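The block underneath contains the structure these notes are about, expressed in structure tokens.
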Amino acid sequence: MKLRDSRSFRPLRASFLSYKGLKVLWVLLLLGALLTVRPVSAAAHLVVSPQGPYRTIEEALRVAHDGDFIEVYGGTYHGNLVIDKAVTLAAAQTTEGERPVLDAGGVGTVVKVNVPHVTVRGFEIRNSGSEPDQDHAGITVNAPFAVIEQNRLDEVLFGIFVAQAADSVVRDNEITSQARFETGRKGDAIRLWYSPRVLVENNHVYQARDLVLWYSEGVHLVNNLIEDGRYGVHLMYCDNSLIENNRLLNNSVGIYAMYSRQVELRNNDLRGQRGPSGYALGFKDTDAVLAQANLLIDNRGGIFLDGTPFTPNSFARFENNIIAFNDIAVTIMPAVKGVEFSNNVFWENVEQMTVHGGGGKPTANMWQGNYWSDYDGLDADGDGVGDTPYISEKFFENMTDREPLLRALLYSPSAQAIEFAAASFPIVKPQPKFSDPQPQVNLPALPIESTRRSAGGMILTAAFLLALACGAFFIAYREKTMENKLAAPRDAEPVSPVQVSVRNVTKSYGKTAVLQDLSFELGAGRALALWGANGAGKTTLIQAMLGLVPFEGTIVIADQPVKSKGKQVRGRIGYVPQQVMFYDWSVQSTLQFYARLKRVSAARIETLVEQMGLTTHRAKAVSALSGGLRQRLALALALLSDPPVLLLDEPTANLDTQARADYVKLVGDLKQQDKTIVFASHRLEEVEALADEILWLDSNKSPRHLNLEEWRAQVAPMVELTLWLANGQRERANDFLNAAGWQSHLNGHGTIVIRTRAEQKLKALRTLASNGFIVDDFQVERQSEVE
Amino acid sequence: MEAGLVMTIAQRELREALRNKWLWFYALGFGALAFGLAQAGMSAAGYAGLGGFGRTAASLINALLLFVPLIGLTVGAGVIASERERGTLLYLLAQPLNRAEIFFGKAIGAALAVIAGVALGFGIAGIGLATDGGDPTVFLALFGWAVLLALVSLGIGLVISALTSKASTATGAALIVWLVFVFIGDLGVIGATMTFRPPPMGMLTLVLINPLQVFKLGAIYSLRATLDTLGAAGQFAMHEFGAWLPFVLAALLLGWIAASFGLAYLSFAKRSTV
């Protein structure tokens, strides 16, 4: 381009004329004419700067001739410049690097080139108008052989509009559109219109609409960086185009060719094209396509083919491309045929190939020698080619091909399950979409720069998460200091004469009434035995007193109504169930846990451990304790908060004789300490030892509130006869007794227990003796008849 | 409700839950699987596993969808039902506590255990990813989504637990619920889609009913800041909610957590028997 050549010729202008005589005049005129007339081929060098000699570009253009060089120094130049002379308009090279600014103030096009052989170089071009129907642009070139280079175009609707300007060059420009508009409303960064043989080279385009080429043959796009636009490159009727070494990042669509022939794409790098039709490469009705060694990474779609190749004898070849991490590597319309895919790498695409809408013939296109990351065949002979074809036959993929909405379920176990089921049951095996008979098994070196980060960040993160998991153990097993959590000591409350008041309590389970209109009162230091058969309502009454089951009527414990102050009531009750189920902890941990719930001090634990005879057992697991010790522990827990009322629900039911006796003594001592005790029992001696009054519950009768004498008179005594027999006779004796009509059973202590009326106990012994059984020892316990 | 009592119950529950072998089985299972996937997915290309969203990342999400709900559901199902079956719940209820203190103490303890389990799984997976580099921010975001899903599952497990009397019944019911959320629900969505061909909004609604799918959407968004990979429904979600999408998804999961924990509490508190 000779237009860029410049000369150091400096024009000399006559500054004065003097008249000293005709001869002299003519000599001078001749000399002046010789000096001021320049050669026809020479170019003038005009300087524009805020200090002159030309203060505006328009001034310089007015005096310039074709071929002149206009050098523009830094500063802002307003107006809409029209270049109608074949000049080079270039920014001056200054040490400050300041670009001259061409600013249209938001009106019209900033620079229009209307004649051939114009160069515009090195400007900052901004603030065009924004009317899309008038094609307001940074630079509009309307004549061939233009060179637009090294400019920065900002806040212009269109960037560079090359219309009917064949053989032009657009090079080294930085172009972005008007930021205030969304992408579709912006203008194209570069638009070619009937401009063949244009070179678009080394431009950086970002946040504009498209780079679109219309009706322009022989276009060459090379080394451009195109980001964050709509169509990275859009070819329309552009035959013989070569697109190579470009990088297209995060556009809606990468390179889309329509109605063109002989389109060649080489070594382009396309990543993150993720618009609604986010194909890296798309072809519609295009012939003679050759795509080689392109990188198509992380796009919604890698390659899209519709009507390509367009004519029967044409071709579309994809060779040595790397197609990785795309949602769908290749999308083909059902009618597409004759496409060749060879030696490409299909790596980690979610779906390798789809026929849009389903259908299509598996053999319509040729797949040969590609690498497939999901190939599961072998290469037994080590020739680098899989021994079995790669066959794409995924059931869920076929479903999404037919119904694309189902892609919403991608990455779900259900999708995997469907594939698994289809693979396991060939009857539902899908039709293969295609097959590659000679898949490569060795992954070629990928020219993908790793997104590798320093391992430190992840190691720290992993360590943090593992520490979090360990922290849970710390929290779980941290021992709190109870002294800081103690409940405020209760004020010395006046002891109410009535500690337990039950009025008109009725409780039913469904239609079965368990408690009916029950009323009684119990004073401090008194003990009430709940007496009655199983199912009579003893446990239900205790649970109602604890506020654990709903009931009708009123229960007041230590002046607190159960229904509205359940939590406070439970704070004034020590409760021992028939068999406490403890957590699998040690005695000490168990005591500490409940002490924390009741907010009592460690000193109180010490007192109770000693009082209950648990000192030597505190380190043992609760599960290792005998039944008697477990019930002692339960009583210790019940007494932690030194409650005025104790509720004991058959606490000795599972204890042996000695343990039971010890337990009854302990409870007796508590009664001496003015505890109010309500206890359920089947054992006569317990009732006689502890009870001041008895509430006899019977599901068929009204409850009877009796004193000890009244109760004794009504209870028919029963006994439990515990027998120790000679070795080997126990089971046989038990069978014999049961067969003879006695209530007998084996117990866990190596004995037989016979339950009978008191006057029948000797008969039982005689019966055994007369039938050859040797009774080594026996023991008698009294019980009630209502058990 | 006294915070000190709640935390005492929570500590006990945490201790109990940490002894649940299933919690560690699932957590270690997930961790080992994720570790293996990360190694296998990255080794060939030298490509950071979560940086390139492909089948490996999809497999990680699949692993999370399988294991995380199992952790939450099995722990949750055991919280109340097993204590009820053992008889320890009766004794606990007889203490000076109200039911809210017991329930929320147990729920907090179980939640801490579940978070610990998920953290262990992610910690192991993180070591696998660290060898090839990885984005800690994305990884922590994924952990956050997994914690939300675990808590949703825990809440549903608590509902089951509050309504059942036996641990085995509760565990069985939890597994059925897991199957429904993981497989059967999706199969229903597939059937409905093939039959009625709903618009993208309808499809998105169908998907968002299932908290596992909500998690999946959140996880994918964390990995790549868009849902367009999920087709029209994903694009519709992006179009409708834009940058608010992760907050909408998180709010949905938080709604599930609030609803499930609330329902579980009501079931526990209103039960007329122990």
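The values are calculated or read from the model by the stated rules, or taken from the named source; none is laboratory data. Because the structure is a prediction, the values reported are computed rather than measured. Every residue, glycine among them, receives a Cβ derived from its backbone with ideal geometry; neighbour counts consider all protein chains shown.
Count, please, the residues in the range A:306-319 that happen to be surrounded by fewer than 24 Cβ atoms within 10 Å (Cβ to Cβ) and under 10 Å from residue A:336 (Cα atoms).
4
Taking residue A:509 and the conditions (1) under 27 Å from residue B:15 (Cβ atoms); (2) more than 46 Å from the chain's Cα centre (by Cα); (3) not polar (S, T, N, Q), which numbered condition does it fall short on, given that it satisfies the others?
Every listed condition holds for residue A:509 apart from (1).
Quick one: count up the residues across the range A:580-600 that are at the interface with chain B (Cβ under 10 Å from one of its Cβ atoms), in contact (Cβ under 8 Å) with a residue 12 or more places away in the chain and closer than 23 Å to residue A:653 by Cα.
So the answer is 4.
Test of understanding: among B:117, B:126, which residue is assigned to a helix (DSSP H, G or I), in contact (Cβ under 8 Å) with a residue 40 or more places away in the chain and surrounded by 24 or more Cβ atoms within 10 Å (Cβ to Cβ)?
Matching residue, one of B:117, B:126: B:117.
Between A:635, A:640, which is part of a loop (DSSP other than H, G, I, E, B), within 14 Å of chain B (Cβ to nearest Cβ) and crowded, with 20+ Cβ neighbours inside 10 Å?
A:640
Any idea which of A:713, A:769 is more than 24 Å from residue A:682 (Cα to Cα) and in a helix (DSSP H, G or I)?
Exactly one of A:713, A:769 is more than 24 Å from residue A:682 (Cα to Cα) and in a helix (DSSP H, G or I), namely A:769.
Filter the range A:552-579 down to the residues that are touching a strand residue (DSSP E or B) at 6+ places or on another chain (Cβ under 7 Å), in contact (Cβ under 8 Å) with a residue 40 or more places away in the chain and under 17 Å from residue B:98 (Cα atoms) and list them by number.
Listed by number, the residues that qualify are A:557, A:572, A:573, A:574, A:575.
If you take the residues of the range A:113-146 that are surrounded by fewer than 18 Cβ atoms within 10 Å (Cβ to Cβ) and charged (D, E, K, R), which of them is farthest from residue A:164 (Cα to Cα)?
Result: A:131.
Conditions first: (1) under 22 Å from residue A:144 (Cα atoms); (2) modelled with pLDDT under 50. Residue A:86 passes all but one, so which condition is the exception?
Going through the list (1) under 22 Å from residue A:144 (Cα atoms); (2) modelled with pLDDT under 50, residue A:86 breaks only (2).
Where residues in the range A:322-353 are polar (S, T, N, Q) and surrounded by fewer than 20 Cβ atoms within 10 Å (Cβ to Cβ), which of them is farthest from the other protein chains (Cβ to nearest Cβ)?
If we take residues in the range A:322-353 being polar (S, T, N, Q) and surrounded by fewer than 20 Cβ atoms within 10 Å (Cβ to Cβ), then A:342 is farthest from the other protein chains (Cβ to nearest Cβ).
Identify the single condition in (1) closer than 24 Å to residue A:269 by Cβ; (2) under 45 Å from the mean Cα position of the chain (by Cα); (3) surrounded by fewer than 24 Cβ atoms within 10 Å (Cβ to Cβ); (4) outside the structural domain of residue A:82 (by TED's automatic domain parsing) that residue A:182 does not satisfy, given that it satisfies every other one.
If we test residue A:182 against (1) closer than 24 Å to residue A:269 by Cβ; (2) under 45 Å from the mean Cα position of the chain (by Cα); (3) surrounded by fewer than 24 Cβ atoms within 10 Å (Cβ to Cβ); (4) outside the structural domain of residue A:82 (by TED's automatic domain parsing), just (1) comes out false.
Specify which of the listed residues (B:217, B:230) is within 26 Å of residue A:279 (Cα to Cα), crowded, with 24+ Cβ neighbours inside 10 Å and either facing another protein chain (nearest Cβ under 7 Å) or not aliphatic (A, V, I, L, M) (or both).
Testing whether each residue is within 26 Å of residue A:279 (Cα to Cα), crowded, with 24+ Cβ neighbours inside 10 Å and either facing another protein chain (nearest Cβ under 7 Å) or not aliphatic (A, V, I, L, M) (or both) leaves just B:230.
Would you pick out the residues in the range A:209-248 that are outside any strand (DSSP E or B) and within 42 Å of the chain's Cα centre (by Cα)?
Answer for the range A:209-248, where residues must be outside any strand (DSSP E or B) and within 42 Å of the chain's Cα centre (by Cα): A:209, A:210, A:223, A:224, A:228, A:229, A:230, A:245, A:246.
Within the range B:131-201, considering only helices (runs of 4 or more DSSP H) that don't extend past its boundaries, which have at least 2 residues that are under 15 Å from residue B:260 (Cβ atoms)?
Hits in the range B:131-201: B:136-163, B:167-179.
Looking only at the range B:3-36, which residues are surrounded by fewer than 16 Cβ atoms within 10 Å (Cβ to Cβ) and at the interface with chain A (Cβ under 10 Å from one of its Cβ atoms)?
Correct list: B:4, B:19.
Identify all residues within the range A:255-273 that are modelled with pLDDT of 95 or more and in a loop (DSSP other than H, G, I, E, B); write none if there are none.
A:259, A:260, A:267, A:268
Every residue, every condition in (1) more than 14 Å from chain B (Cβ to nearest Cβ); (2) within 22 Å of residue A:298 (Cα to Cα); (3) buried (at least 22 other Cβ atoms within 10 Å of the Cβ), yes or no:
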{"residue": "A:361", "(1), (2), (3)": "yes, no, no"}
{"residue": "A:366", "(1), (2), (3)": "yes, no, no"}
{"residue": "A:375", "(1), (2), (3)": "no, yes, no"}
{"residue": "A:396", "(1), (2), (3)": "no, yes, yes"}
{"residue": "A:402", "(1), (2), (3)": "no, no, no"}
{"residue": "A:405", "(1), (2), (3)": "no, yes, yes"}
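When the range B:102-114 is examined, which residues are found to be facing chain A (nearest Cβ under 7 Å) and buried (at least 24 other Cβ atoms within 10 Å of the Cβ)?
Answer for the range B:102-114, where residues must be facing chain A (nearest Cβ under 7 Å) and buried (at least 24 other Cβ atoms within 10 Å of the Cβ): just B:113.
Could you check how many residues of the range B:233-269 are at the interface with chain A (Cβ under 10 Å from one of its Cβ atoms) and of a type outside the set (A, V, I, L, M, F, W, C)?
Summing the residues that are at the interface with chain A (Cβ under 10 Å from one of its Cβ atoms) and of a type outside the set (A, V, I, L, M, F, W, C) in the range B:233-269 gives 3.
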